[in-house]
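Read the structure below first, then the notes.
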Amino acid sequence: MLSPQLDNRHAVETPEGIELLLTPAGLLPRALAFAVDLGIRGAILGLLILVPGLLDRFGLGLAMILVFMLQWLYMVLFEVLNQGRTPGKQWLGLQVIQDDGSPVGWASSLTRNLLRMVDLLPFGYFFGVLSCLWHPSFKRLGDLAAGTLVIHQGRPIKRAAPTQLIAQAPLFVLLQEEKLALLDFAERYADFSQERRRELAGILAASLRTTPDKAEQQLLAIAHGLLGRA
Amino acid sequence: MFMLRPEIEPRPRSAWEALDLGVLLARRHAALLMGTWTIVSLPLFVMLTALFWRQPTAAILLFWWLKPLLERLPLYILSRTLLGETPTPGQSLKALPGQLRKQWFAALTSRRLNARRSFELPVTQLEGLGGRERKRRLAILNRQDGRKAFWLTLAGMHLEAMLWMGLLTLLYVLLPQPLVDTLNWQGLLEQNDSNWLWMEHLSNLCYALVLIVWEPIYVACGFSLYLNQRTNLEGWDIEWVFRRLAQRLSGASGMLLAVALLTTTVANTAKAAEPNVHPPVYAQSLTPGQAKEQIRELLTRPPFQNRETVTRWRFTDQSDSQKDVPDRADLAKPSEWQNSLEYFAQLLEIGLRSALIILSTALLWYQRGWLRNVTANRRQPTEPRPDPNIRYDQIALPAPLPDDIAQAAERLWNEQPRQALGLLYRGMLERIGLPFKAAHTEAEILQHIATLQRPELQRFAETLIEHWQALAYGHRALPAMLGTRLCQDFRALFPDQSS
């Protein structure tokens, strides 16, 4: 009856037994990244047509070659040489990787970008959009063929601000998940309204054998201790 | 809003991730969402089309304008499923009128063009807030993720357009070519021609079909964004774990608590005894640049790099000092713009051509194995293959056997080993004097010979027949010394007529 909890994260296990948590990126950020790249390419294209256009037929030939290179190599070069990120993807914090979490290589990058032609069919990325919306890891057809994945790059970890508190040991054994929640509480403390802080701490007040007011400080102190700060 | 087991893994996410999660949410309940949307939106579309049959544009514009009201249905379904009470299609349709009533006028007028519609709808519909209260609430919620709701709507507009045109193109591609050839495109442009009205209505229908796919996703994305913002602001994930912890602890026995106390005090004293000199590893912050610097420095040290200075004698090279004057100074002189340009063009051409040559050479070189295979395949069929059937029949033995079989065989051995071995074989069969027939196989012959109780003969026959089979059927070469040995044995076994 119970379906699995919905999450946008995938765990990939490396041969060393390490679990990597990957967050595939969906259609919207990818579409926006593509729009940014499209804009950049458009600007370069304009320059390419304008400047060598002054040089008569030779310039035209040169422009043709450069346009061709731009069209086919822009994505591939950036993806392979810049850790799977074109400027647009970098802007939105996206990254192309292989399914198993390793960096994307020439072969896969070429495959996924050449198959754009299929995603484009019959007009305006019709197949690509549908595939991206339907696939659980948001892959378009090119990604399916190349075995690549577009993910959100990890965000820098937000650390709790140092406090003047004296670290305190918890009165009870904490599970991993509960320790993490305590740390989360300390790290996101500033985001919560005052009432909400009291409310959250109040849940544990009875277990801590204090009043909700003091529970707040006590929880912060425990989190402080969990971080290993004196 | 405390659930024992929320359907969505509670976790603070970035706004983009929340949007992705919305897609997953819509995907999970796709059948229900798309089904109910179809049931509600298509009759409305048909009604509008019938009403405005002469003005297809007005029909689609009105349909588009009413869209925000229809969006309340998917949102209602999603909010119910999140609480673990997935409604049936019937229930959801029954609940729709009640959902529509809330602030419907504002939704169709002042807020119709609001780009954050999907994000703000839950506040109106689920929290039931209105007026100033709603504004204050939105001001808090909009602080972080609101802007992403704008991007969602913007991208959604483009997606709708792209999917719509994609669908139209798909339809056009599927038209048979003769029909396309006879179509009168000019008629399409003339407004008065009412024969083409159905075509515009068809294209409107395509838009309605696109909305069946996109609208549930759009609503789910906005809802997911709203949920994520509240999770971030109110710490739903933390609340969830805290509540479970409180539940766990209230059920825990005093014994467990005592043990916990003991272990924590021990841990504390241990921590106090240890002087805190080094900061923990995770407290050191290194930027990638610093890390790279450190790595580079490490790589120059002995285990990775060993430098040694070598001093030795060598001849001084005199020709080096004399070659100072550049040969082609005249070519490089930028006297005329056109000249240098042509020079550059030639250079480019040379470069491109040599790249082509190098690439094709490299290709051939790397594929040489494949090339060899291709040529080998061509050559093989020209070589006549030994056909076992033909050879088998070609063994022509003299009808009356020669008197001295061993000698005849010895003579034949070098040029025609098959003939020689056949001769020996047949000679053996005749000399044994058993009534063999043509139908007897080699194994049967050996069985018959075994009944004679002559070990010498049996060994000879086994050797002979084994090699005969190997040669006649297997086309395998015979050992070098076999011929003389077999002939000797033959003479020894059947001495009577050899002389």
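The values are calculated or read from the model by the stated rules, or taken from the named source; none is laboratory data. A quick note: this is a predicted structure, and the numbers were derived from the prediction, not measured. Using ideal geometry, Cβ is built from the backbone for each residue, glycine included, and neighbour counts are taken over all protein chains shown. All accessible areas refer to the heavy atoms of the entire protein, side chains included, with ligands and DNA or RNA removed. Shrake-Rupley method; radii C 1.70, N 1.55, O 1.52, S 1.80 Å.
Considering A:Gly105, A:Gly59, which residue is surrounded by fewer than 19 Cβ atoms within 10 Å (Cβ to Cβ) and in contact with a Pro (Cβ under 6 Å, 6 or more places away or on another chain)? Give the steps one after another, and end with the answer.
On the way: A:Gly105 fails: in contact with a Pro (Cβ under 6 Å, 6 or more places away or on another chain).
Matching residue, one of A:Gly105, A:Gly59: A:Gly59.
When you check A:Asp100 against the structure, is it open to solvent by 30 Å² or more (accessible area, probe 1.4 Å) and within 17 Å of the chain's Cα centre (by Cα), yes or no? Explain how you work it out, then say what you get.
Details: open to solvent by 30 Å² or more (accessible area, probe 1.4 Å): yes; within 17 Å of the chain's Cα centre (by Cα): yes.
It is true that A:Asp100 is open to solvent by 30 Å² or more (accessible area, probe 1.4 Å) and within 17 Å of the chain's Cα centre (by Cα).
Condition check: in contact with a Phe, Trp or Tyr (Cβ under 7 Å, 6 or more places away or on another chain), away from chain A (no Cβ under 13 Å) and modelled with pLDDT under 75. Does B:Leu188 satisfy that? Break it down into steps so the answer makes sense when it comes.
On the way: in contact with a Phe, Trp or Tyr (Cβ under 7 Å, 6 or more places away or on another chain): yes; away from chain A (no Cβ under 13 Å): yes; modelled with pLDDT under 75: yes.
When the stated conditions are applied, B:Leu188 passes them.
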Failed item in (1) facing chain B (nearest Cβ under 8 Å); (2) open to solvent by less than 30 Å² (accessible area, probe 1.4 Å); (3) not charged (D, E, K, R), with A:Ala206 passing the rest | (2)
Go through the stretch B:427-441 and give me each residue that's over 17 Å from B:Leu482 (Cβ atoms) and either of a type in the set (A, V, I, L, M) or not in a loop (DSSP other than H, G, I, E, B) (or both).
-> B:Leu429, B:Glu430, B:Arg431, B:Ile432, B:Leu434, B:Ala438, B:Ala439
Tally the residues that are charged (D, E, K, R) and surrounded by 15 or more Cβ atoms within 10 Å (Cβ to Cβ), restricting the search to the stretch B:138-165.
-> 3
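Out of the stretch B:408-453, which residues are of a type in the set (Gly, Ala, Ser) and exposed (fewer than 13 other Cβ atoms within 10 Å of the Cβ)?
B:Gly433, B:Ala438, B:Ala439, B:Ala443 - these are the residues of the stretch B:408-453 that are of a type in the set (Gly, Ala, Ser) and exposed (fewer than 13 other Cβ atoms within 10 Å of the Cβ).
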In the stretch A:171-203, how many residues are surrounded by 15 or more Cβ atoms within 10 Å (Cβ to Cβ) and either assigned to a loop (DSSP other than H, G, I, E, B) or of a type in the set (Asp, Glu) (or both)?
-> 11
Would you check which residues across the stretch A:117-136 are without any contact (Cβ under 8 Å) to a residue 40 or more places away in the chain and open to solvent by less than 30 Å² (accessible area, probe 1.4 Å) and list them?
-> A:Asp119, A:Gly124, A:Phe126, A:Gly128, A:Ser131
Considering (1) aromatic (Phe, Trp, Tyr); (2) in contact (Cβ under 8 Å) with a residue 60 or more places away in the chain; (3) open to solvent by 70 Å² or more (accessible area, probe 1.4 Å), say which one B:Trp65 fails and leave the rest.
-> (2)
Residues within the stretch B:457-483 that are at pLDDT below 85 and loosely packed, with under 15 Cβ neighbours inside 10 Å, tallied | 8
Kindly check whether there is at least one residue in the stretch A:63-82 that is within 14 Å of chain B (Cβ to nearest Cβ), at pLDDT 85 or above and surrounded by fewer than 13 Cβ atoms within 10 Å (Cβ to Cβ).
-> yes
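Among the listed residues A:Leu38, A:Leu21, identify the single one that is within 12 Å of chain B (Cβ to nearest Cβ), within 23 Å of the chain's Cα centre (by Cα) and more than 30 Å from B:Arg28 (Cα to Cα). Spell out how you get there, then give the answer.
Details: A:Leu21 fails: more than 30 Å from B:Arg28 (Cα to Cα).
Within the list A:Leu38, A:Leu21, the selection yields A:Leu38.
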Please state which one of B:Leu299, B:Leu286 is over 25 Å from A:Leu60 (Cα atoms), at pLDDT below 80 and surrounded by 10 or more Cβ atoms within 10 Å (Cβ to Cβ).
-> B:Leu286
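Residue check: is A:Ile44 open to solvent by 30 Å² or more (accessible area, probe 1.4 Å), touching a residue at least 24 places away in the same chain (Cβ under 8 Å) and either more than 14 Å from every other protein chain (Cβ to nearest Cβ) or not charged (D, E, K, R) (or both)? Can you show your working first?
Details: open to solvent by 30 Å² or more (accessible area, probe 1.4 Å): yes; touching a residue at least 24 places away in the same chain (Cβ under 8 Å): yes; either more than 14 Å from every other protein chain (Cβ to nearest Cβ) or not charged (D, E, K, R) (or both): yes.
Considered against the rule, which asks whether it is open to solvent by 30 Å² or more (accessible area, probe 1.4 Å), touching a residue at least 24 places away in the same chain (Cβ under 8 Å) and either more than 14 Å from every other protein chain (Cβ to nearest Cβ) or not charged (D, E, K, R) (or both), A:Ile44 comes out as yes.
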